Amino acid sequence: MTITQQQINYERIAKAIAYIQHNFRHQPSLEELAAHVHISPFHFQRLFTEWAGTSPKKFLQYISVSYAKSLLENQKHTVFETVYETGLTSSSRLHDLFVQIEGMTPAEYKNGGQDLTIYYSFSFTPFGESLIASTEKGLCYMAFVEDTTQGFYDLKKKFPNATYIKKELDIHREVNGIFNRENTNLPQLKLHLKGTPFQLKVWEALLKIPMGSLSTYGTIAKQINHEKASRAVGTAIGSNPIAYLIPCHRVIQSTGVFGGYMWNPTRKAAIIGWENAQLDPEQDETI
């Protein structure tokens, strides 16, 4: 796929976010960030604000450890548990209620998925290029990719004997609609996933974390009634086959540190900051 201006812009944003994270103690200036990504301060401010919906300065707050810890603390005193139990959300923009998981049967993925036909396509999101794949029953895979050839290879490892057809389906376009800030009429998305009963339970729990909120591995373990299984929960989260839609990026360490992410820790910070900015935009402030 040809490199687009969108992709170039995201790479600049990601480079700036990584710089912010590594140098947060001295609060890098707008000029310093702009110089790091080799564009003018004016252009950088405009680019960042168009992407995030907020200023670099406000975004820096959203991805700080102190802010993350405050979200985790406030969770104990809000309706988060009710949200988890009922699936209700506070914003019509949240996609959580519109995602349903159906586990694949053993027959569907036996022999490397030899009886499966998987349609796949590449598209661009605010967080870089993605590969989206689906069966006739629903979305089965979504990943952020740095290289399309490697991305397809990683997909094929999941179902080595399936039939693959490169074709963008309606469900692929619908997935990309969740990144549109103006889109409040989201379709119901069905996921068709290969996973153990425990993995499916963890992934379903992740869907209950509202946009703009964060949780911890231990909290997820408690919510699925496996209080001592934080490590197993972490492994299941690390095996999540659906980037962003199943929001494993919203699970962090109890210390407020974001920790690792299958699709790059910088991208995790970008997603967390971007989501918070959508709920609390502030576009006029400069760094």
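Computed on protein heavy atoms with a 1.4 Å probe, the accessible areas place Thr219, Thr105, Thr149 in the order Thr149, Thr105, Thr219, largest first. Between amide H atoms placed 1.01 Å from N, distances below 5 Å from Cys140 occur with Ala133, Ser134, Thr135, His192, all of them 5 or more places distant or on a separate chain. Separation of the alpha carbons by more than 21 angstrom is noted, of Lys208/Lys268; Lys201/Lys222; Lys157/Lys208; Lys110/Lys137, for Lys157/Lys208.
Amide H to amide H, with H built 1.01 Å from N, Tyr164 comes under 5 Å of Ile118, counting only residues 5 or more places away or on other chains. Taking the convex hull of the alpha carbon positions in the stretch 150-287 and averaging its projected area over all directions gives 10.7 nm².
Ordered by solvent-accessible area of protein heavy atoms (1.4 Å probe), largest first, the residues Ile165, Ile118 come out as Ile165, Ile118.
How high is the relative contact order of the stretch 113-242, in percent, counting Cα pairs under 8 Å that sit 6 or more residues apart? Result for the stretch 113-242 is 24 percent.
I'd like the accessible area for His226: 1.4 Å probe, protein heavy atoms, all chains in place, Å² to the nearest 10. The value for His226 is about 70 Å². Full extension of the chain segment joining Asp147 with His226 gains 24.7 nm, where the gain is 0.36 nm per residue of separation less the Cα-Cα distance.
Annotation: amide H-H contacts under 5 Å for Thr125 (H modelled 1.01 Å from N, sequence separation of 5 or more, or interchain): Ser130. Largest first, the extents of the alpha carbon coordinates of the stretch 108-209 on the three principal axes equal 43, 31, 23 Å.
Hey, what number do you get for the chain at 222 nm if only DSSP H runs of n ≥ 4 count, each worth -39500 (n - 2.57), divided across all residues, to the nearest 500?
On the way: 13 runs with 125 residues, N = 287.
The helix contribution divided over the chain gives -12500 deg cm²/dmol.
Computed from backbone phi, the HN-Hα couplings of the stretch 242-256 come to 10, 4, 6, 4, 8, x, 5, 5, 8, 9, 10, 6, 5, 7, x Hz, rounded to whole numbers (Karplus: 6.51 cos²θ - 1.76 cosθ + 1.60, θ = phi - 60°; Gly and Pro given as x). Short-range pairs are left out: with C-alpha atoms under 8 Å and at least six residues apart, the relative contact order of the chain is 26 percent. For the stretch 173-238, trypsin sites (Lys or Arg not before Pro) are listed when DSSP marks them as loop and at most 15 other Cβ atoms sit within 10 Å of their Cβ; the list is Arg181, Lys228. How much of the accessible area of the chain, in percent, comes from carbon and sulfur atoms when a 1.4 Å probe is used? Heavy-atom surface of the chain belonging to carbon and sulfur, 1.4 Å probe: 50 percent.
The values are calculated or read from the model by the stated rules, or taken from the named source; none is laboratory data. Since this is a predicted model, take the numbers as computed values, not measurements. Reconstructed Cβ throughout: ideal geometry from the backbone, glycine too, with neighbour counts over all protein chains shown. Areas reflect the complete protein model, heavy atoms only, side chains present, ligands, DNA and RNA absent. Shrake-Rupley method; radii C 1.70, N 1.55, O 1.52, S 1.80 Å.
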